[in-house]
Structure formats: C-alpha cells, structure tokens
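Reviewing the structure listed below.
Throughout, read-outs are computed from the coordinates displayed, never taken from laboratory work. Quick caveat: nothing in here was measured; it's all calculated off a predicted structure. Quick reminder, even Gly has a Cβ in these numbers, built from the backbone with ideal geometry, and neighbours come from all protein chains shown.
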Amino acid sequence: MFKLSKSHLFRGLSLSEILCGSFLLTTTYLTFLYHFRGLTFTDGVSVPIINPIGIDFRAVHEWSQSLFKNPTNFFSAQTNVYPIFSAILFWPFTLLSPFLGYRIAVVLSIVSLFLTVSVLFIQDRSRSLKANLTWIFLVCVFLFQTYPVLFCLERGNLDIIIGFLMALSIRYYLRDRYGLSALLLMLATQIKVYPIMFSFLFLAGRKWKAVAYYGLFNVLALFVVGVNGFNYTVAGIVLVKNQPYLWEGNHSIFSFFHFLNSSRFNWITPNFLPLSQAIVVLYLLGVLYLTALGYWNSNAKRIIPNIQVFFLGLVGYSFTLMSLVPNLSHDYRLVVQIIPFIMLCSSCHCHEFLKSAERQSWGVVVGVSLGYLFAPRVTLNHVPKTPALIVLSIAYFWLAARAMKQPSTLNTLAVS
C-alpha cells in the first residue's frame with residue numbers, strides 16, 4: 001500500500017491542469033448530483049423551460065420590429081432595457097419569423113462559442129495546431145453540456161455572441177489594433193451595457209487611441225436615431241437600477257443581499273440596500289485601483305512588474321464585475337466567465353509567477369468557483385451563485401495586485 005500526502009496531491013501539475021481539473025470535477029459532480037437527486041424545473045432537464053422556447057429572443061424580436069414599424073409608439077413606452085442600437089443590430093432577424101429567427105440565433109450562438117474558445121486558445125503558440133484543435137473540441141463539447149450555456153440557448157439570449165465580440169476585442173487589443181478592438185467592444189456594449197466594465201483595460205494601458213475610439217463609437221451608437229434613442233437607453237439603465245428582477249437566478253450583489261435579507265440570514269443584512277450599494281462602490285473602487293496601478297506602471301520610463309499576470313488578473317476581475325455590479329445579472333450572463341478562465345489555462349505566465357503552494361491553492365479556488373457557476377442552479381438547495389462570483393473576483397484581484405510587487409524586465413501591456 002502507498003500513502004498519498006497532501007503535499008504530493010498536486011505535485012508536478014501545471015496551473016492549467018489544476019484549473020481545468022478543479023473546474024471539470026466540480027461541474028461534473030454537481031451535475032451528477034443534480035440528476036441523482038432527481039431535481040427538476042419543469043420537464044426533467046437542468047434548464048428551466050418557459051414556453052414558447054426562446055422567449056427572450058421573441059421579446060427582443062417584437063421590440064426591434066416595433067421600432068421600424070411605428071417609431072412613435074416605440075418611444076412612447078419603455079418596453080425594454082437594452083440600448084437602442086441593439087434594436088438596429090437586431091433588424092435582420094425582424095425580416096424572419098420569431099420561430100426561424102430564434103433557431104438561426106441559436107446556431108450563431110453555437111458557432112460563436114466555438115470561435116470564442118478558438119480565438120482564446122490560439123493565443124498560445126507553444127502548442128501545435130493539432131493539439132489546439134483537440135483542446136478546442138473537448139472544451140466546446142463540455143461547455144455545451146453546462147447549465148449557463150444551455151440556459152442562454154434556450155432563452156435565445158445573445159450573451160454567447162457578446163462573449164465572442166469581447167474575445168475578439170481582446171485579441172485585436174493584444175495586436176495593437178485599438179480601433180478594431182474598440183469597435184468590437186462597442187458592439188458588445190450596445191447589445192447589453194455590461195461589457196463597459198472591460199473598457200478599464202484601455203485606461204490601465206494608457207491606450208488613448210482605444211479610449212477615444214471606444215467613446216466616439218458609443219456616442220454615435222447612442223444617438224444613431226437622435227436624442228430620443230439616447231433618452232430611451234438612459235431610461236432603460238435607470239429602470240434596471242430602480243426595479244431589478246430579484247430572484248435566485250439574478251447573481252448581482254443587490255439581488256444576493258436581498259436574498260440574504262429574506263432568508264434565515266436576515267440578521268446579517270437587516271438593511272441590505274445600503275450595504276449592497278456600499279459593496280458595489282467597493283468593487284468599483286477596486287477596479288479603479290487596479291486601473292491606476294496599470295496606468296502608473298505603463299509609463300514608458302518605468303518597468304512594469306509581471307505585466308502579463310497583471311493583465312490576466314485585471315481581465316478576470318473586470319469580467320466578474322459584469323455579473324456582480326449591474327442590478328440585473330441572470331444565469332445566461334455566466335457564460336462570459338469562461339473567457340478569463342481559458343486565458344489563464346492557455347497562458348504559462350501565471351504558472352511561472354505563482355509559487356508552488358500558491359499555484360495549488362489559487363488554482364483550486366478558481367477552478368471550483370467557476371465549476372459551481374457552470375453547474376445546474378438548484379443543486380445545492382437554491383443557494384445563489386453570487387458567492388462563487390465574489391470568490392472569483394477576490395482571486396483575480398489578488399493576482400493582479402500581487403503581480404505589481406515583483407520585478408520584471410517586461411514593459412508592454414500585452415500577453416504573448
């Protein structure tokens with residue numbers, strides 16, 4: 001017989017292997033537990049079905065169609081909270097029936113997920129093309145079985161496509177094509193507002209051209225149909241802030257503290273509203289702090305410590321804010337959390353940066369947290385997924401902040 005001590009458990013494993021192993025084991029186990037316990041929503045699958053299928057797509061289809069059929073009625077009532085430009089981007093679907101348009105949107109989302117994984121994996125040129133294609137195939141097959149992806153496809157939401165646009169934005173940013181990067185991020189922002197959190201990266205790297213392009217493109221998009229369009233978009237943002245949809249599938253800070261306030265833990269948050277607002281402010285201060293670190297160290301006269309690691313930490317932290325900060329943050333938005341995770345798995349910089357013990361503990365924490373996000377929602381007695389997002393945000397923040405403490409000879413904000 002042999003003994004396996006704790007110190008030997010992860011010895012010899014890379015950070016990528018620890019991350020992937022923890023993620024796969026957690027998601028697989030919780031999904032198995034879900035089916036083993038016979039938990040169901042309405043029809044025995046891990047996705048809450050609402051008939052007719054693609055109900056979110058159908059709502060946006062009708063909303064966009066009304067803009068082109070009767071603009072006066074469209075602007076007379078706030079029937080949706082998306083930016084006005086998304087109604088214009090959605091126009092081709094209005095030429096089709098909701099039935100056919102939804103199915104085309106699902107196909108586009110499936111293709112977008114494959115392309116997102118591909119764009120992120122091919123950043124690593126240390127692997128052969130065959131190895132990359134194998135990894136891309138395996139990751140996509142697994143992701144297509146996970147709850148957030150299935151939920152997004154069933155509802156007909158476009159968050160997978162938004163994730164693809166952000167992945168492309170990252171790719172072109174790293175290739176110093178800031179105009180194209182800003183344009184892609186603007187398109188993602190104008191479909192749904194939350195990708196704006198990623199724009200802090202431009203400021204952290206002193207990429208003023210990207211900042212200018214991003215600002216200009218968004219202003220043009222907001223006023224594409226005049227002042228009415230701008231007012232409509234602002235009114236939608238205010239509506240979400242003042243009237244969020246509170247339930248266990250909303251993973252925002254605000255919704256989570258409302259959940260605590262209405263549960264047996266209400267003694268923790270007797271006044272959940274000011275506390276949730278204070279934590280949101282704290283998160284925003286956190287991203288401003290990291291942005292300031294990147295901005296200060298991006299000075300050409302300074303040496304930027306471990307900038308690749310800082311970049312990955314800042315990207316990961318920004319992505320968690322996309323789910324935590326907005327008052328409306330449903331299950332389908334969780335799909336974008338796979339982007340910084342794949343970036344971590346396809347980069348060797350964090351493995352070299354972290355010490356062995358840090359690599360093991362940090363990798364397990366991140367992998368398990370993400371695994372919980374991608375498991376069926378009701379597995380653990382309706383426990384929200386917000387705590388896992390909070391843990392992820394802390395882990396990414398720690399990585400980015402710690403990267404600035406050790407010297408390096410690199411001085412460009414890029415990931416090779």
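General observations
- Between Leu324, Leu260, Leu187, the Gaussian network model of the chain with springs among Cα atoms under 10 angstrom shows the greatest mean-square fluctuation at Leu260.
- Relative contact order (%) - the range 9-403, alpha-carbon pairs under 8 angstrom, separation at least six: 27 percent
- Computed E for Leu138/Leu174 - FRET, C-beta separation, R0 25 angstrom, nearest 0.05: 0.55
- Residue pairs exceeding 26 angstrom between C-alpha atoms, taken from Lys192/Lys385; Lys207/Lys405; Lys69/Lys192; Lys192/Lys241; Lys130/Lys355: Lys130/Lys355.
- Extension gain (nm, one decimal) between Lys69 and Val219, 0.36 nm per residue minus Cα-Cα: 51.5 nm
- Once both labels are positioned 7 Å from their Cα atoms along Cα-to-Cβ, the gap between Leu282 and Thr28 label points is 3.6 nm.
- Potential lengthening between Leu273 and Ser14 on full extension [0.36 nm per residue; Cα-Cα distance subtracted]: 89.0 nm
- Choice from Tyr289, Tyr396, Tyr214 showing the highest fluctuation, given a GNM over the chain with Cα pairs closer than 10 Å: Tyr289
- The order of Thr189, Thr233, going from fewest to most other C-beta atoms within 10 Å of their C-beta, is Thr233, Thr189.
- With at most 13 neighbouring Cβ atoms within 10 Å, loop trypsin sites (Lys or Arg not before Pro) (DSSP) excluded, longest segment of the chain: 176-263
- Label-to-label distance, nm, for residues given as Gln145 and Trp91 (7 Å Cα→Cβ offset): 4.3 nm
- Nearest-0.05 FRET efficiency for Ala357 and Phe99, computed from C-beta distance (R0 56 Å): 0.55
- Around Asn80: net Lys/Arg minus Asp/Glu count, Cβ-Cβ under 13 Å: 0
- Given the alternatives (i) 21.5, 79; (ii) 23.4, 76; (iii) 22.3, 76, Rg and Dmax of the Cα atoms in Å as computed for this entry is given by (i).
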